[in-house]
1. Along the Cα→Cβ direction, 7 angstrom out, place labels at GLN178 and PHE158. What is the inter-label distance in nm?
2. Rounded, prolate or oblate: which fits segment 12-181 when a ≥ b ≥ c are the square roots of the eigenvalues of the alpha-carbon gyration tensor, with rounded for a/c under 1.5 and prolate only if a/b beats b/c?
3. Would you calculate, for the chain, the mean residue ellipticity at 222 nm contributed by helices, counting each DSSP H stretch of 4 or more residues as -39,500 (n - 2.57) and dividing by all residues, to the nearest 500?
4. Could you work out which residue, out of PHE181, PHE158, PHE103, moves most in a Gaussian network model of the chain, that is, has the largest mean-square fluctuation with Cα springs under 10 Å?
5. Can you put ARG189, ARG91, ARG96, ARG145 in order, fewest other beta carbons within 10 Å first?
6. Lysines near LYS75 by alpha-carbon distance under 21 Å, same-chain residues fewer than 8 away left out - which ones?
7. Only helices at least 27 Å long along their axis, Cα-based, and averaging -0.5 or more on Kyte-Doolittle count here, so list those DSSP H runs from the chain.
8. What ranking of TYR87, TYR109 emerges when the number of other C-beta atoms within 10 Å of each C-beta is taken as an exposure proxy, fewest first?
Amino acid sequence: MAIINQATKELQVKTVYYGPALGGKTTNLVQVHEHVQTQEGHKGKLVSLATSSDRTLFFDFLPIEAMAIKGFKTKFQLYTVPGQVIYNTTRQLVLRGVDGIVFVADSQYDKMEENVKAFQNLEENLKALELDLNEIPYVVQYNKRDVPTAAPVEYMEFLLNNRDVQVPSFGATAHKCQGVFETLNMITRMLLNKFINESNRVKQLV
């Protein structure tokens with residue numbers, strides 16, 4: 001659920017990067033944090049909440065060209081979830097209040113089962129929070145396209161994006177920052193369009 005900060009005139013939008021362990025969620029956030037363009041003081045520190053063998057990262061930023069909705073600049077909050085199943089409670093906590101999701105899949109053939117299980121786990125955790133993935137803007141990223149054992153994109157689409165209305169998907173090599181901002185730009189555009197449409201509906205009802 002987006003948060004409106006009246007004091008700073010900001011609309012705060014939360015995006016969660018979800019996917020299997022070691023699939024590239026953390027790499028995406030690190031690359032965005034290093035390269036995103038903001039004015040001085042408009043980018044939060046990259047915070048890591050570490051468990052014994054996994055971690056959750058998050059930070060927020062206000063882009064230089066932040067779109068204003070009803071006079072409010074949009075600040076984006078980016079989070080990752082722990083990849084390991086034993087931290088499922090943490091995954092659910094991170095998903096609370098989510099506005100958009102980036103599912104980061106590992107392109108290696110031997111990771112396909114983990115990809116599918118992670119996607120199923122995402123749907124289950126959203127359901128536990130009384131949320132429906134069909135009502136949340138999300139995109140899919142096929143990371144590690146540079147590895148020799150990368151599965152064809154068409155095969156991964158069949159496994160992870162096989163629905164009546166397919167969501168946007170992107171090939172990526174996150175450690176080289178390839179596909180990282182294409183993915184981010186799409187989910188932010190989808191979120192902004194959603195809030196603009198909701199704002200227009202409210203105007204029509206008033």
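What follows draws every value from the coordinates through simple rules; no lab data is involved. No experiment lies behind these values; they were computed from the predicted model shown. Glycine also receives a Cβ, built like all others from the backbone with ideal geometry; neighbour counts cover every protein chain displayed.
1. Spacing of the two 7 Å Cα→Cβ label points: 2.4 nm.
2. Numbers: a/c = 1.44, a/b = 1.34, b/c = 1.07.
Rounded, since a/c falls under 1.5.
3. Working: 5 runs with 70 residues, N = 206.
Result for the chain, helices only: -11000 deg cm²/dmol.
4. Greatest mean-square fluctuation among the candidates belongs to PHE158.
5. Numbers: ARG189 14, ARG91 22, ARG96 11, ARG145 18.
In increasing order of surrounding Cβ atoms, one gets ARG96, ARG189, ARG145, ARG91.
6. Candidates past the 8-residue exclusion: LYS9, LYS14, LYS25, LYS43, LYS45, LYS194.
7. Working: long enough: 180-205 (38 Å, -0.06).
Helices meeting the criterion: 180-205.
8. The fewest-first ordering by Cβ neighbours comes to TYR109, TYR87.
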